[in-house]
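Notes follow once the structure below has been shown.
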Amino acid sequence: MTGAARVRQRRMQMKMTQIRLGMTLMLLAAGLGGIAASGQAASPPPSSGAESAAPGVKSIPYDPVTRSPIAGTSSILPKPIFPTAEREDSKFTVQYVYNFARYRYTPAVAVEEVKRPTASYTTPEEACIAFLSSMTTLDYDWWLSNWDPDSRKKLEADNQAHHQDADFWRGAWQHAFAGRVVTLEQRLESGPYVLIVFRIADPRDPSKSFSDALPFRLYKDKWLATEELAADNFSIYALDGRSRIEQSGVLSPIHSYDPTIYDSAKGQMEFFTDYPKGKESVTTVVR
């Protein structure tokens, strides 16, 4: 795994943890995966035109756009051996359009804590209130039961791997919700998912108030929270207020589906569904 991939993975892990806690105190910065505040992708390597080299070793000129050596300037990448037209910079764009419906609660709904025996999962809103109540009442077992089975197994495995027990989460929730007011702000619908946008406000210090979103899906007649959208662009950027983001990069090998690389996760998933053998699959490009 490259250093950049490790950074993306770590940032995604941080974002997923913040969703579970309901504590996006860093304004979703941990979920931006290297995207600058302007919405543009992180800048390519410096445009000096040469890779740094050890003393006494000739540097290798490279193209700052394609991030590859410039053909014919070193032994790494020779010039084409057949006649060509002038070199030209090109782009290939893949666009994903997320269609969704938005409902704004008017006014915002003040969350009133419910007890586990009386909690309902008939609607996404009731499921969200139950989820938030499990944290405000510091009921770890109830909190786990609010997730769909696959997400629950993953959370339990993550907790074990990171040595995070029930007391760890109770302490985090107590810190996150003490003295704060929770309201439901929006409902977003797309495919089988409903995301409930909620806000945790600190009356003492408004700068510490923040919003986050919880995704739910129907599972055996109950609306349960799910981690299926943890690496999805929509769930990461839905709160930004931006209707468009742009990310740029260069070709890199992907040998298996990696949901932490969320700028291409959807395309990866589709490819490995059609070609389950991954890089061993034989594909033909038709123009």
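The values are calculated or read from the model by the stated rules, or taken from the named source; none is laboratory data. Note that the structure is predicted; figures quoted are calculated from it, not measured. Note: ideal-geometry Cβ built from the backbone for every residue, glycine included; neighbour counts use all protein chains shown.
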Checking residue 191 against (1) at pLDDT 95 or above; (2) farther than 18 Å from residue 107 by Cα: exactly one of these is not met. Which one? (1)
Answer from 122, 106, 118 - the residue that is surrounded by fewer than 11 Cβ atoms within 10 Å (Cβ to Cβ), of a type in the set (Ser, Thr, Tyr) and touching a residue at least 24 places away in the same chain (Cβ under 8 Å): 122
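Is it the case that region 182-204 has a residue that's part of a helix (DSSP H, G or I) and surrounded by 12 or more Cβ atoms within 10 Å (Cβ to Cβ)?
no
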Hey, can you tell me all the residues within region 159-209 that are of a type in the set (S, T, N, Q) and more than 25 Å from the chain's Cα centre (by Cα)? 174
Hey, could you check region 66-103 for residues that are of a type in the set (A, V, I, L, M, F, W, C) and out of contact with any Leu (no Cβ under 9 Å at 6 or more places or on another chain) and say which is surrounded by the most Cβ atoms within 10 Å (Cβ to Cβ)? 77
Counting only residues that are among the charged types (D, E, K, R) and either under 22 Å from the mean Cα position of the chain (by Cα) or over 14 Å from residue 165 (Cα atoms) (or both), how many does region 136-152 have? 3
Are there helices (runs of 4 or more DSSP H) fully within region 87-176 with at least 1 residues that are under 15 Å from residue 196 (Cβ atoms) and at pLDDT 95 or above? List them. 124-136
